[in-house]
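To start, the structure itself, in structure tokens.
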Amino acid sequence: MPNRVLIALVCWTWLPCCSADEPPKSPARSLIRQPQTLVIAHRGDSAHAPENTLPAFRAAIRAGAELVELDYYHSADGIPVVFHDKTLGRTTNAKDVLGRGDLEVAKTRLQDLKRLDAGLWFDRQFAGTRIPTLAEAVDAIHPQATVLIEHKAGDAATCVRLLREKKITAEVVVQSFDWKFLRDCHRLDPQLTLCALSGQTPNEERLRQIQQTGAKVVAWNYRKLTPQHIRTFQQAGLRVWAYTVNDSTVAKRLVAQGLNGIITDQPALMKRELLPGTPGN
Ligand code: G3P
Ligand code: CA
């Protein structure tokens, strides 16, 4: 065998399968890289059930969403709880039960949050629905769909600890508008698949900051995304998702432009319109 062929063979054999920053393929990494457009249920199937509740998550799974998105804060006693707004009034009966609708989730203890009805505001058929903890929500979604966990507040260590306790760090995606939180998560567990959220106009500086977070996906306000932005992110190795797209004509245009994931309140509609013939239709 000629020497240069031997050297090439030896070098190839010694090359690690991935760089120090690039952990082996995980189920979440495989999911985000699949060529088919992902349908991501925003706060569950929130067009048909109260957002961020177990009925909404179950409906999203029935609709065939690949990922189910949820939002979380820490309660006053430090338990991650699934809720979108900073205050309780819009989607619970906190005004009747706790005397104030403007109470903050983060200043309310879990035992009081659990007294609230998080379904009645949406429809009487959902009366009695409770605010789930993050642990309860993950158990309801995983493994039927992949959980897209949006951090609204709280430290990275608590999030990573919960995912490790459940042994699902390789199987979920964690996203946040707070890119420092993403950097902290990446430092604690480089295996975690992270998604950087933004509603700002994409530019070079933002791309540079995103690359420092370890994120593999960006989820952007669809109104700020142009086909050129999508290409630029993808050329930088990122997958591109858009929120919150409920009009199937807009979704089809974005998919034609190369978008990788649609975050929507209407997962069944999107599955039907974008990917006819797939489960859930
Ligand atoms: O998944 C993206 C989207 O959820 C971000 O906005 O306000 O609905 O949490 P928001
Ligand atoms: Ca969200």
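Would you confirm, using the coordinates I've provided, whether K86 is farther than 22 Å from T264 by Cα and either at pLDDT 95 or above or more than 16 Å from ligand 2 (Cβ to nearest atom) (or both)?
Here the answer is no, as K86 does not meet what is asked.
Could you please find all residues in region 200-226 being open to solvent by 10 Å² or more (accessible area, probe 1.4 Å), part of a helix (DSSP H, G or I) and farther than 24 Å from K271 by Cβ?
The answer is E204, E205, R206, L207, R208, Q209, Q211, Q212, K224.
Counting only residues that are within 16 Å of ligand 2 (Cβ to nearest atom) and open to solvent by 40 Å² or more (accessible area, probe 1.4 Å), how many does region 245-264 have?
Residues in region 245-264 being within 16 Å of ligand 2 (Cβ to nearest atom) and open to solvent by 40 Å² or more (accessible area, probe 1.4 Å): 1 in total.
State which residue is least open to solvent (accessible area, probe 1.4 Å) when the search covers only region 131-144 and only residues that are more than 14 Å from G89 (Cα to Cα) and part of a loop (DSSP other than H, G, I, E, B).
The selected residue is P132.
Looking at (1) more than 16 Å from ligand 2 (Cβ to nearest atom); (2) open to solvent by less than 40 Å² (accessible area, probe 1.4 Å); (3) not polar (S, T, N, Q), find the lone condition where R183 falls short.
In the conditions (1) more than 16 Å from ligand 2 (Cβ to nearest atom); (2) open to solvent by less than 40 Å² (accessible area, probe 1.4 Å); (3) not polar (S, T, N, Q), R183 misses (2) alone.
Could you list all residues from region 102-119 that are touching a helix residue (DSSP H, G or I) at 6+ places or on another chain (Cβ under 7 Å) and open to solvent by 20 Å² or more (accessible area, probe 1.4 Å)?
Those that are touching a helix residue (DSSP H, G or I) at 6+ places or on another chain (Cβ under 7 Å) and open to solvent by 20 Å² or more (accessible area, probe 1.4 Å): L103, R115.
Select, from R231, R272, the only residue that is without any contact (Cβ under 8 Å) to a residue 40 or more places away in the chain, away from ligand 1 (no atom under 14 Å from the Cβ), over 20 Å from Q200 (Cα atoms) and open to solvent by 10 Å² or more (accessible area, probe 1.4 Å).
R272
Kindly indicate the residue of region 62-78 that is of a type in the set (A, V, I, L, M, F, W, C) and surrounded by 19 or more Cβ atoms within 10 Å (Cβ to Cβ) and also farthest from A153 (Cα to Cα) among those meeting that condition.
A63
If you check every pair at least six apart or on different chains, which have Cβ atoms under 7 Å apart with a residue in region 49-72 that is in contact (Cβ under 8 Å) with a residue 24 or more places away in the chain and part of a loop (DSSP other than H, G, I, E, B) first and a residue that is aromatic (F, W, Y) and within 12 Å of ligand 2 (Cβ to nearest atom) second?
As it stands, the answer is N52/F83, since those pairs meet every condition given.
Do we have K166 as open to solvent by 20 Å² or more (accessible area, probe 1.4 Å) and either within 14 Å of ligand 1 (Cβ to nearest atom) or free of Cβ contacts under 8 Å to residues at least 12 places away in the same chain (or both) here?
Taking the combined requirement at face value, the residue does not satisfy it.
Working only within region 29-65, note down all residues that are of a type in the set (D, E, K, R) and within 16 Å of ligand 2 (Cβ to nearest atom).
Across region 29-65, the qualifying residues are R43, D45, E51.
The values are calculated or read from the model by the stated rules, or taken from the named source; none is laboratory data. Computed from a prediction, not measured in an experiment: that's the story for all the values here. When we count neighbours, we look across all protein chains shown, and the Cβ atoms used for this are built from the backbone with ideal geometry, even at glycine. Side chains included, ligands, DNA and RNA excluded: accessible areas come from the protein's heavy atoms. Shrake-Rupley method; radii C 1.70, N 1.55, O 1.52, S 1.80 Å.
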